[in-house]
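Taking it in order: structure first as structure tokens, then the write-up.
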Amino acid sequence: DAGVIQSPRHEVTEMGQEVTLRCKPISGHNSLFWYRQTMMRGLELLIYFNNNVPIDDSGMPEDRFSAKMPNASFSTLKIQPSEPRDSAVYFCASSLGEGRAQETQYFGPGTRLLVL
Amino acid sequence: KNQVEQSPQSLIILEGKNCTLQCNYTVSPFSNLRWYKQDTGRGPVSLTIMTFSENTKSNGRYTATLDADTKQSSLHITASQLSDSASYICVVSARTSYDKVIFGPGTSLSVIP
């Protein structure tokens with residue numbers, strides 16, 4: 001099993017540009033999570049999907065952030081327009097069931113984003 | 001307010017020694033507590049998970065304990081190895097309609113030869 005796949009692994013962009021992060025969950029997993037990690041704030045849950053439907057997006061910082069899951073094997077997190085404070089590592093994770101806390105989540109390698 | 005605190009912030013130990021990491025939480029209503037290990041440049045990996053009724057859980061050289069009365073957990077690492085160098089994150093879930101998850105800031109462990 002390839003595990004959770006994220007692309008790109010690194011992204012450097014200029015303030016104001018659109019950034020799109022991509023994630024392919026583990027095949028057969030029904031829940032997908034997007035996290036952001038910074039030194040100051042640690043790990044934060046941004047949004048999670050179950051069966052391609054957004055369940056909890058209370059962690060999405062503002063309207064500049066949007067996430068989609070058009071099918072069971074693909075999700076995107078988009079930032080438009082990007083700002084320097086968006087610089088962070090963005091992780092995608094997936095789990096087998098409904099996304100409840102007792103399920104083990106499997107994390108991807110992350111996308112390291114730097115906004116200049 | 002739901003919070004998770006971890007101590008120490010960082011720790012350096014000699015290879016072969018034992019160490020204990022602490023996690024205190026004020027999450028309510030409590031659902032479960034999980035410890036993650038995060039190697040530098042990689043995503044977190046789950047080590048253990050404990051519910052209210054469990055007070056200890058082991059995974060190899062890692063042993064987690066939970067005291068739900070005092071709202072404290074510890075992660076004990078036995079006979080440390082260089083590969084244990086990582087950040088250890090305590091995560092507590094609140095029992096809500098979709099399980100609110102609160103992350104601790106992590107403890108950075110360095111094991112030196």
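Only one entry in A:Ser58, A:Ser95 is more than 8 Å from every other protein chain (Cβ to nearest Cβ), at pLDDT below 95, open to solvent by 50 Å² or more (accessible area, probe 1.4 Å) and under 14 Å from the mean Cα position of the chain (by Cα), namely A:Ser58. Can you tell me which residue within the stretch B:103-113, out of those that are surrounded by 14 or more Cβ atoms within 10 Å (Cβ to Cβ) and more than 9 Å from every other protein chain (Cβ to nearest Cβ), is farthest from A:Asp57 (Cα to Cα)? Filtering the stretch B:103-113 for residues that are surrounded by 14 or more Cβ atoms within 10 Å (Cβ to Cβ) and more than 9 Å from every other protein chain (Cβ to nearest Cβ), the one farthest from A:Asp57 (Cα to Cα) comes out as B:Val111.
Consider A:Ser82 carefully, then state whether it is more than 14 Å from chain B (Cβ to nearest Cβ) and in contact with a Gly (Cβ under 8 Å, 6 or more places away or on another chain). Step through it out loud before you land on a result.
Working: more than 14 Å from chain B (Cβ to nearest Cβ): yes; in contact with a Gly (Cβ under 8 Å, 6 or more places away or on another chain): yes.
Taking the combined requirement at face value, the residue satisfies it.
When every residue of the stretch B:75-86 is checked against the conditions, at least one turns out to be open to solvent by 40 Å² or more (accessible area, probe 1.4 Å) and either within 14 Å of another protein chain (Cβ to nearest Cβ) or of a type in the set (A, V, I, L, M) (or both). The residue pairs whose first member lies in the stretch B:34-55 and is within 10 Å of chain A (Cβ to nearest Cβ) and in contact (Cβ under 8 Å) with a residue 60 or more places away in the chain, whose second member is open to solvent by 50 Å² or more (accessible area, probe 1.4 Å) and in a strand (DSSP E or B), and whose beta carbons are closer than 9 Å, counting only pairs six or more residues apart or on different chains, are B:Gln38/B:Val45.
Cβ separations smaller than 7 Å between residues 6+ apart or across chains give the following pairs from the stretch A:71-85 residues that are in contact (Cβ under 8 Å) with a residue 24 or more places away in the chain and over 17 Å from A:Gly110 (Cα atoms) to residues that are open to solvent by less than 50 Å² (accessible area, probe 1.4 Å) and basic (Lys, Arg): A:Gln80/A:Arg64; A:Pro81/A:Arg64.
Could you run through the stretch B:1-27 and say how many residues are more than 14 Å from chain A (Cβ to nearest Cβ) and either farther than 25 Å from A:Val89 by Cα or open to solvent by 30 Å² or more (accessible area, probe 1.4 Å) (or both)?
From the stretch B:1-27, those more than 14 Å from chain A (Cβ to nearest Cβ) are B:1, B:7-8, B:11-22, B:24, B:26; that's our starting set.
When the remaining residues are screened for being either farther than 25 Å from A:Val89 by Cα or open to solvent by 30 Å² or more (accessible area, probe 1.4 Å) (or both), the result is B:1, B:7-8, B:11-20, B:22, B:24, B:26.
Count: 16.
The values are calculated or read from the model by the stated rules, or taken from the named source; none is laboratory data. Worth saying up front: this structure is predicted, and the values here are computed from it rather than measured. Every residue, glycine among them, receives a Cβ derived from its backbone with ideal geometry; neighbour counts consider all protein chains shown. Each accessible area value is taken on the protein alone, full model and side chains, heavy atoms only, with ligands, DNA and RNA left out. Shrake-Rupley method; radii C 1.70, N 1.55, O 1.52, S 1.80 Å.
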